[in-house]
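The values are calculated or read from the model by the stated rules, or taken from the named source; none is laboratory data. Computed from a predicted structure; not experimentally measured. Positions of Cβ are generated from backbone atoms using ideal geometry, with glycine treated the same way; all protein chains shown enter the neighbour counts. For accessibility, only protein heavy atoms count, side chains too; no ligands or nucleic acids. Shrake-Rupley method; radii C 1.70, N 1.55, O 1.52, S 1.80 Å.
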Amino acid sequence: MVKAVRGMRDILPNQARRWDLVEQTLTRVLQQHAYEAIRLPLLEFTELFARGVGEATDIVEKEMYTLADRDGDSLSLRPEGTASSVRMLQEYGLLYNQTQRVYYAGPMFRYEKPQKGRYRQFYQIGAEAYGFVGPDIDAELIGLAWACWQALGIESMVNLEINTLGSSEARQRYRKALVDFLTPKSEQLDEDSRRRLTTNPMRILDSKNPATQALLNEAPKLPDFVDAQSLEHYAGLKQLLAAMQIPYRENPNLVRGLDYYTHTVFEWVTQDLGSQGAVCAGGRYDGLVERLGGRSTPGVGFAIGLDRVVLLHELAQANVEAEDRSADVYLCVTHPECNGAALVVANSLRAALPTLRVRQHMGGGNLKKQLKKADASGAVVAILIDDESLDQQTLTIKHLRDAGLGQETVTFEAGIARLQQH
Ligand code: HAM
């Protein structure tokens with residue numbers, strides 16, 4: 001047997017029900033905020049991510065699934081959605097002189113070490129806003145994520161962390177100061193941090209290594225380098241978060257692993273999933289459109305890691321899966337000749353009651369065997385189709401969960417009314 005590729009997700013029917021519920025809930029919240037859906041390709045030119053996410057980031061350096069197209073172009077499976085979203089809106093002239101608020105959902109691919117909550121194919125729902133300079137849109141996006149947690153009932157399991165990286169000039173100044181401080185002490189750094197010193201020094205702040213952290217205590221601090229305009233933006237955001245009563249913690253070490261951020265960055269983290277704590281992350285990326293060849297346009301957004309949110313939802317509400325019902329109504333036939341009639345009746349039921357899940361028995365067998373299957377499906381009622389069902393427009397309903405109700409033959413209309421109750 002050929003097995004699944006390591007880290008690529010299989011989502012089985014009983015898990016998929018929870019996924020559907022979570023996705024539908026999040027999509028509804030995004031739509032309530034009047035964000036518009038977009039769909040992005042899975043494959044892009046590798047250059048988009050190299051320029052967008054950043055050549056020196058872990059994602060681009062060692063985590064992308066990159067392949068050569070048949071004509072030699074280098075393509076990569078998308079590791080995230082922000083660069084593609086900028087590329088698409090820019091390509092269709094949708095960023096110039098207008099604002100946009102969009103969302104996307106789907107699988108992303110990163111060659112990371114798989115473990116609980118971390119996969120090589122994982123799912124994100126992302127929201128992005130373009131053309132807004134003030135902190136009000138940062139606050140709207142954070143509020144949107146908060147509304148998502150509330151709608152899912154997991155708001156007590158996540159905490160918001162925020163920081164500001166300042167303008168890109170401030171970031172450059174800080175980067176230089178950090179490198180100047182750490183270079184003479186580089187032998188005290190852990191191996192990863194030593195490598196980052198020349199590639200992506202600000203990520204050293206993220207290091208979990210105690211010796212590196214001890215060294216960083218003495219290092220120049222990012223907030224001392226942030227420019228006045230950025231601080232004002234940040235203060236504005238904090239005021240709005242307070243007005244919305246969203247609790248947050250300032251984390252001056254929050255720098256994010258993608259290169260495009262400026263000013264606000266934020267992460268929603270949880271203690272409930274072991275080491276994979278970030279369930280949603282984002283921030284402002286005012287320089288990205290320009291970096292990808294467009295006119296300077298401010299951008300801000302976030303992406304929710306669905307895999308992790310589904311795990312949290314499972315902890316918060318264990319009983320979605322306990323509902324072991326794959327169909328509401330199960331259609332049986334009294335004779336094999338009634339199969340045609342059953343197909344017709346099944347479609348009439350679906351048309352009359354669009355949310356009802358109607359499963360028709362397949363594969364023959366006597367009525368007893370069919371009813372056994374009906375029971376196993378979790379359906380509340382079986383409908384027995386005989387020679388007369390179609391001619392007489394009747395339904396024979398057998399109640400499977402309440403023996404007292406037994407079996408009854410009623411008109412099609414009365415049957416629909418009865419089924420409506422399930
Ligand atoms: P990111 O921090 O790389 O940001 O990913 C966002 C979220 O995706 C993470 O917080 C996490 O929940 C989830 N995630 C990332 N990698 C994995 C993985 N290997 N397995 C499972 N879940 C994972 C971005 O992708 C940015 N594009 C976010 C953004 C949008 N910033 C502005 N707009």
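A quick yes/no check of all residues on (1) within 13 Å of the ligand (Cβ to nearest atom); (2) under 21 Å from I246 (Cα atoms); (3) assigned by TED's automatic domain parsing to the domain that holds Y248:
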site	(1), (2), (3)
A127	yes, yes, yes
A139	no, yes, yes
L152	no, yes, yes
K176	no, no, no
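Collect the residues in segment 58-88 that are over 28 Å from R295 (Cα atoms), away from the ligand (no atom under 15 Å from the Cβ) and assigned to a loop (DSSP other than H, G, I, E, B), keeping them in residue-number order. Once the filter is applied, which keeps residues that are over 28 Å from R295 (Cα atoms), away from the ligand (no atom under 15 Å from the Cβ) and assigned to a loop (DSSP other than H, G, I, E, B), segment 58-88 yields D69, R70, D71, G72. When restricted to residues that are over 16 Å from G301 (Cα atoms), among the aliphatic types (A, V, I, L, M) and part of a helix (DSSP H, G or I), segment 25-45 contains 0. Taken over segment 94-116, the residue count meeting the criterion of being in contact with a helix residue (DSSP H, G or I) (Cβ under 7 Å, 6 or more places away or on another chain) and either modelled with pLDDT under 95 or of a type in the set (F, W, Y) (or both) is 3. Is it the case that T264 is more than 13 Å from the ligand (Cβ to nearest atom) and either over 22 Å from G81 (Cα atoms) or in the same structural domain as R101 (by TED's automatic domain parsing) (or both)? No; evaluated as a whole, the condition is false for this residue. Here G364 meets the list (1) of a type outside the set (F, W, Y); (2) modelled with pLDDT of 95 or more; (3) not in a helix (DSSP H, G or I) almost entirely, failing just condition (2).
The test for being open to solvent by less than 20 Å² (accessible area, probe 1.4 Å), touching a residue at least 12 places away in the same chain (Cβ under 8 Å) and assigned to a helix (DSSP H, G or I) holds for A145.
Filtering segment 89-108 for residues that are open to solvent by less than 20 Å² (accessible area, probe 1.4 Å), under 14 Å from V53 (Cβ atoms), part of a strand (DSSP E or B) and within 9 Å of the ligand (Cβ to nearest atom) leaves a non-empty set. The single residue among L77, L42 that is within 16 Å of the chain's Cα centre (by Cα) and open to solvent by 20 Å² or more (accessible area, probe 1.4 Å) turns out to be L42.
Between E61, E23, which is of a type in the set (D, E) and more than 20 Å from D307 (Cβ to Cβ)?
When all the criteria are applied, what remains is E61.
Table: residues versus (1) within 11 Å of the ligand (Cβ to nearest atom); (2) without any contact (Cβ under 8 Å) to a residue 60 or more places away in the chain; (3) farther than 18 Å from Q150 by Cβ.
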| position | (1), (2), (3) |
| --- | --- |
| P252 | no, no, yes |
| Y260 | yes, no, yes |
| T270 | yes, no, no |
| S275 | no, no, yes |
| V279 | yes, no, no |
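Scan segment 2-24 for residues that are touching a residue at least 40 places away in the same chain (Cβ under 8 Å) and either assigned to a loop (DSSP other than H, G, I, E, B) or surrounded by fewer than 12 Cβ atoms within 10 Å (Cβ to Cβ) (or both) and the total you get is 6.
Taken over segment 336-356, residues that are among the charged types (D, E, K, R) and in contact with a helix residue (DSSP H, G or I) (Cβ under 6 Å, 6 or more places away or on another chain) amount to 0. Counting the residues of segment 340-382 that are open to solvent by 70 Å² or more (accessible area, probe 1.4 Å), under 24 Å from A417 (Cα atoms) and either out of contact with any Asp or Glu (no Cβ under 9 Å at 6 or more places or on another chain) or not assigned by TED's automatic domain parsing to the domain that holds T411 (or both) gives 7. Put simply, of E140, E128 the only residue that is assigned to a strand (DSSP E or B) and among the acidic types (D, E) is E128. Picking from residues in segment 233-258 that are open to solvent by 40 Å² or more (accessible area, probe 1.4 Å) and assigned to a loop (DSSP other than H, G, I, E, B), the one that is nearest to L89 (Cα to Cα) is M244.
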